[in-house]
Amino acid sequence: MPALKDTIAALFERAASEPKAEATVQRGLNLRARIVNGQRQLLLSRPDMQPSDVEVTTCAKHGEIAAYTVSHAGHWQLISEALDLCDHTPGFSGSGDAKGEYFYYGSCSTCHARWQRTVPKRGKGDTFTYNGQQVEDWQFELLSKRGPKADRATENDDELELHQFLEKTIVAQQLERQPVVDTAPVLTYPQNTCGSCGHGRPTPYPNAVECQLGHEAHDKQSKGYNQKTQKADIPVHLPHGSLAMPILTPGHRCVTDAWRHRA
């Protein structure tokens, strides 16, 4: 029997062109997928009993439906993907620590959604929140890329003022970094630099390249200290605003291992 993730993905692919896309998976659970005005819906049913809440969560996870509502009756439960989702544009982000925990946060500059991961300094049990609501780790991974827009009406005055200040700061920083575009930049790449190692790519910016190795290859931020393991092994992610890749001058030397310099 195909993996549940593959089965649900195939059902939604069929639902895009078929009025009825259904399959039976383990323990006789029947799944029917449909797409209504762009909204994905997955119906779970059995002939003799209602599918369990665990089965609902499992199917939502394997179907990568991170934000959803559930309606049900005697022998079925219906998962309906949330409407009005946003493909997030990175906004303000960063990390810090408070008494007893580390936290890593991010936001969307388009819809103002925000998310945070909290890591206790002692013991286990990371917590994940999206727009102030606690979510599972698999939901957090998906929602930090695409999810419901934030409801500003639920924020108190202090939260709203803080987020507006941070968003204005990010916009101002982005405007300051906007260079004058040279329509025909001439780049010369010295030896063993981002421009000549095979990972540097020309950009519209004068005398600058984009390193395809990403920010983590160039960030020199030390890792956070883990009280449990007694080691610095908690990743700390630096904020990079709207830059998907690091923008460098051609003469900037890579900080990656030597083998990665080969084109």
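The values are calculated or read from the model by the stated rules, or taken from the named source; none is laboratory data. Worth saying up front: this structure is predicted, and the values here are computed from it rather than measured. Here the Cβ positions follow ideal geometry from the backbone for every residue, glycine too, while neighbour counts run over all protein chains shown. Quick note on the areas: whole protein, heavy atoms, side chains included, nothing else; ligands and nucleic acids left out. Shrake-Rupley method; radii C 1.70, N 1.55, O 1.52, S 1.80 Å.
Tabulated data
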| read-out | value |
| --- | --- |
| Condition check for K20: at pLDDT below 95 and not hydroxyl-bearing (S, T, Y) | yes |
| Index of the failed condition, M49 passing every other in (1) farther than 30 Å from G125 by Cα; (2) in a strand (DSSP E or B) | (2) |
| Selection within segment 76-102 - within 13 Å of P148 (Cα to Cα), open to solvent by less than 70 Å² (accessible area, probe 1.4 Å) and part of a strand (DSSP E or B) | E81, L85, C86 |
| Exclusive hit being small (G, A, S), at pLDDT 95 or above and within 17 Å of the chain's Cα centre (by Cα), set A9, A33, A66 | A66 |
| Pairs, first more than 14 Å from L42 (Cβ to Cβ) and of a type in the set (S, T, Y) in segment 10-31, second open to solvent by 100 Å² or more (accessible area, probe 1.4 Å) and in a helix (DSSP H, G or I), C-beta under 7 Å, six or more apart | none |
| Selection count where residues are closer than 24 Å to K228 by Cα and either of a type in the set (G, A, S) or open to solvent by less than 50 Å² (accessible area, probe 1.4 Å) (or both), scope segment 111-126 | 6 |
| Sole exception among (1) over 14 Å from the mean Cα position of the chain (by Cα); (2) over 19 Å from T58 (Cα atoms) for R146, by number | (1) |
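Rundown of residues vs (1) out of contact with any Ser or Thr (no Cβ under 6 Å at 6 or more places or on another chain); (2) assigned to a helix (DSSP H, G or I); (3) of a type in the set (S, T, N, Q), yes/no style:
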residue	(1), (2), (3)
A33	yes, no, no
V56	yes, yes, no
E64	yes, no, no
S71	yes, no, yes
